[in-house]
Amino acid sequence: MPSLSEQLQEVRSRAEVCLYSGGRVAEVRVGVMAMANLPLPPCSKYCHITAETMAIENSFGSNRKETLASLQRLSTALNILEKYGCNLTNPNRPKYWRTVKHNNPVFRATVDAIQGGRAVLCLYGYSNQQQDGLSFPDDVTDPDVGRVAAVTLEVMSLRMELEMLTKEAHPHPEFYERIIPTLRHKDVGLNTDAVVCHFSSSCHSDGQTKSLALPLHHHSSRGGNQSLSTTHQSLRNIQVCSTSSNKHPENCTICGIFRISAHCVTCLLGLCSECDRLYHSYPERAHHRRTVVSSSSSSSSQNKNNHSSSTWRCLHCTKVNPVHCVLCEECERPRLELISSKADESQPATITEWQCKSCTMVNAASSILCEVCERPRLATRPPVTPSHPPITPPRPPAPVLGMPGDPDSQWVCQFCTYLNYSPATVCEMCDLARPEPAPLPVRLRPPSPVRRVPALPIKPKGPAPEDLDSWRQRLMKEEGLKLIQLIRDGEKKGVSPEEVYTSMRVAGDSSILPCKWLKTELPLLLDQISTLVTTSPLSSRSRDTKDDGKEVEGAEKEGVVQLSRAEAKQAWLTAGGDTERAARQALRDRLSKVKELSALGFSDEAPCNEALRQSGGEVRGALALLQRPLLEPFHKHIWSDKPEPPVDIHHPDKQRICRRLLAVYNLPSWGRCELALSLLLEHSATYSLEDVVQAVRESHDREFIRRVLAKECPICLSVFPHSKMQSLTSCQCSVCCGCFQQHFTIAVRDKHIRDMVCPVCWEPNINDPEHLNSYFSTLDIQLRECLEPEVYELFHKKLTEQALIKDPKFLWCCHCSYGFIYDGDQLKVTCFQCRNSFCAQCKKPWESQHAGLSCEQYQSWKRENDPEYQRQGLAGYLRDNGITCPNCRFQYALSKGGCMHFCCSQCRYQFCSGCNNPFHTTCAVDECSVSGLHAHHPRDCLFYLRDWEPARLKTLLQNNGVTFNTEPPPGTQTGLCGVIEQKDEGGQQPDSDCAAQTQPGHAGLCEKHYREYLVSLINSHSIDPAPLYSSNELLLACRRYKVEDTRREGEESFTYFSRLLQKLMDEEPLGDKVPRKK
């Protein structure tokens, strides 16, 4: 089984690799927990951080509760240090990982509040001390991840042990109870007859003394003499033990790890508490006599004082230095007085806020400037509570004969201007670090003997006069504030800080404000500088020298140099207000700018000087002025109203033509320009330059371009380029622009809006309402560009009427066929177009007799009292009950006889005039095998009943008790049928009389219209014609309407047909769109 040290090394290695290689958090936590649970003392478990020292120095309190609270604060600080280490080992380190700021309130309240916190940061690599914190050295690009992981692992393990201690869950609390006595229980201690001896440790390198106490078994009062003799024997043995270190070593004889807490007189062994308990639990060794080996607090403190008197520890890098060293051997910082950390000394109070001495604003402790007046934090020290006075380094006494202090021992904080005293390295007001002191000389001079003279007891006088440095500092502050105020006033008036500062230098102690001086005196100075430059002879300008002794070269050979005020002002600012120096500087600047313009191609110096004067000395502006005359012909050509000359493709210089094509038509490459030129030069080419350029821009294939440029119109059979062909989105047909415009112009003016389809394939089928809106939305964009304005307006008017037809409140006028929306509830409606009235329900012309009567009552009155209506007879009845479009509800006073396929002239809706079912080419009925234009008619439709003889129709009406007319009314014309019907004559569809020969017994109508009259009575009374079907008609009707006609086995014919008839009447109802009785 491996030893504890080997187990520790194995656990540490696994956890370190998992930490810096980006392993899972759970694996790191398991490694930390295993390391914390190992039964080893802190001095043996932690090799990077001084865990035992940190626990001792950061444990305060007189009892266990207070000590655990202080250890909890140490655990919180270790948690912050753990985060610093995890950030450094993380591959995605934070942006500002190189520095740790001291003014961070979290850092100050946790890491900076414990002993040894900054030492851990130094182990991480933050070894460079800065004014406001710690940072990595400049030559370190990346942290040492392996070392940081090892230190972070120990920080995590120590924090885990401290948390287990505070939660009373540590498996081995005796390790910390030995080094922190206040953690021991109250009942743990020595017996009254136990002897305590002092045992000094000399093995550890840190020189600290450890006190271990172990209670022995109690003796009864009756064995007092035995106890006394035992005591003397123990004292003798301990004395021998203390004189011979080889015979009785400091560590346990068995485990060799823990210190000796008891010495067995019988077996002569020095044992720790755990080994003593296990070793003497054996019955044969249970009665061995043992004495306690312990170091008292006085001996420990004495050793500690002796050690501290011989060495001192640096507060910055924690290096232990000899007492004779004034500077630290590691960081070369001066030695500071250590602050006593006794348990009974109080801690400094926490500063939560401070009050500004100027505006009395109460600010937060972390702010350096006041939030209202923005003045620095000044005056007195922060308030402290009486129970917790602050621990501050003692100020040195007055060194010279009662003077208030030595100026060399004072320093002023750069952030809050508070006056601090050495050897303090942190400001007492804002807690910021003191700036780096000047390097001390190699050999220090001995102090002056005058300073050792004690202060004489003189009488107190008034306040001592201010020293020279303070007066100088106050004077500089006043002058700086005055300059800042003047600069702010100047910025409000558009004056730069350089002008304000230079004017103050030139004006001297004048009482004139800088802004006013710049307005009154500066123009005179600038004119003087310009005059000096202008009047200075060229020979003298060539001999003038700069302040550094260099000569001004490149003077002009003739003419003078005139400066602008902007150049003079810039030279005046550069020279710091010196007029002569400004003149020389302006001349040097002008000559350098002239050389720069000469290098750009403008060798004439006179125009260059004039351009620089007009541009205020700016080379860019002078260059624009010099280039303007050169660009004038080009500008005139660009802004000229003259049209561009056409491209002459027959010009002998072919490259010139290609360059022109490349510039004017923006072709993608030179090869495309040559391709376009070659196509234009072909002998059989009939296309224009613009068509060729557009085709070449789209493709580089010569054959493809020829096909694109030679498209044939299917209507006029002419050849056009593809750019002059138009096509609809519903098909792939293309026609020329002329044919496209002519087709849709005729369709809009003379045809219905549903006729506005492709003139080649007559697509799409716009009877479908779903495709109607999308088709017309894209067609509207095309027609807007090619149709004339009045034709396009008529198209929109028809499109609007097409949309209004679908509104249930839309009405058609029976007088002029004008459509409009009617929102009223009265039957009488007046047309907005012809101003005639009609009935909104029956669509008949309005008569005064219709007022107060329903449409049925009005028709009955008209048949009985209107002579004209009576003369028309059944022809008038058929006209009044004519065809009504089921789509737009437009009424036609026409007969339904003849062809049952009817096309509405208003909406182009195709339907059956007998049952109102639509005619279509694409059938929506399932399992329909009919192709082409057709409709599905019910069995009571005129489409089927018009084939019945009038006698059979009369029998059907008589069986259902419906009366019908057989004779014409008196006064009716006889011989010719007067029913109005739509006829097809030479492509036209006029409305005229039937004019067929009437038959006797047909009420003055021809046989076709008399059948229509009888069928209208059958439909108006919803009479089913199926009872009069023959057997063949019944079987045919069942097959037509998909009614099962299977004959049962042994079923009689009468029973079969009766059952079949009943099944047909039950499963297939009459037509739902057939016009019924009104």
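Quick notes
- Under the Karplus curve 6.51 cos²θ - 1.76 cosθ + 1.60, θ = phi - 60°, whole-Hz ³J(HN,Hα) for the range 839-847, x wherever Gly or Pro sits: 7, 6, 9, 8, 6, 8, x, 7, 10
- Paired Rg and Dmax values of the range 592-715, which use every Cα atom, in angstrom: 23.5, 77
- Rotationally averaged projected area of the range 15-149 (alpha carbon convex hull; nm²): 9.2 nm²
- Take the Cβ atoms of residue 924 and residue 763, set R0 to 22 Å, and the FRET efficiency comes out at 0.70.
- Per residue, the range 727-819 exposes 54 Å² of solvent-accessible protein surface, assessed with a 1.4 angstrom probe and all protein chains in place.
- Spin-label model, residue 773 to residue 520: label points 7 Å out along the Cα-to-beta-carbon direction sit 8.1 nm apart.
- Extension gain, residue 997 to residue 254: 0.36 nm times the residue separation minus the Cα-Cα distance gives 253.0 nm.
- Spin-label pair residue 3-residue 95: with each label point 7 Å from Cα along the Cα-Cβ axis, the two points sit 5.2 nm from one another.
- For the pair residue 66 and residue 44, a Förster radius of 22 Å applied to the C-beta separation gives a FRET efficiency near 0.20, rounded to the nearest 0.05.
- Rolling a 1.4 angstrom probe over the range 667-822 with all protein chains present gives an accessible area of which 52% lies on carbon and sulfur atoms.
- Cross-link pairs 45/95; 806/828; 482/569; 65/95; 828/954; 711/798 - those with Cα-Cα distance over 30 Å: 45/95; 65/95; 828/954; 711/798
- Difference of contour (0.36 nm per residue) and Cα-Cα distance, residue 851 to residue 287: 189.3 nm
- Size-normalised alpha-carbon gyration radius of the range 989-1078, reference 2.2 N^0.38 Å: 1.48
- Using the Karplus relation 6.51 cos²θ - 1.76 cosθ + 1.60 with θ = phi - 60°, the per-residue 3J(HN,Hα) values for the range 110-122 come to 10, 5, 6, 8, 10, 8, x, x, 5, 5, 5, 5, 5 Hz, with x marking Gly and Pro.
- Expressed as a whole percent, the accessible area of the range 1038-1078 that falls on carbon and sulfur atoms is 49 (1.4 Å probe).
- Nonlocal amide H pairs with residue 720, under 5 Å, H built at 1.01 Å: 711, 712, 713
- Difference of contour (0.36 nm per residue) and Cα-Cα distance, residue 278 to residue 826: 185.5 nm
- Highest mean packing comes first when the peptides 43-50, 821-828 are listed by Cβ atoms within 10 Å, giving 43-50, 821-828.
- Computed from the C-beta positions of residue 702 and residue 644 and an R0 of 41 Å, the FRET efficiency is 0.90 to the nearest 0.05.
- Normalised per residue, the accessible area of the range 21-136 is 46 Å², obtained with a 1.4 Å probe and no contribution from ligands, DNA or RNA.
- The convex hull around the C-alpha trace of the range 691-789, projected and averaged over every direction, spans 7.2 square nanometres.
- Protection proxy ranking, peptides 74-84, 7-17, average beta carbon neighbours within 10 Å, highest first: 74-84, 7-17
The values are calculated or read from the model by the stated rules, or taken from the named source; none is laboratory data. Small disclaimer: the values here were computed from a predicted structure and weren't measured. Using ideal geometry, Cβ is built from the backbone for each residue, glycine included, and neighbour counts are taken over all protein chains shown. Please note that ligands, DNA and RNA were not included when accessible areas were found on the heavy atoms of the full protein model with its side chains. Shrake-Rupley method; radii C 1.70, N 1.55, O 1.52, S 1.80 Å.
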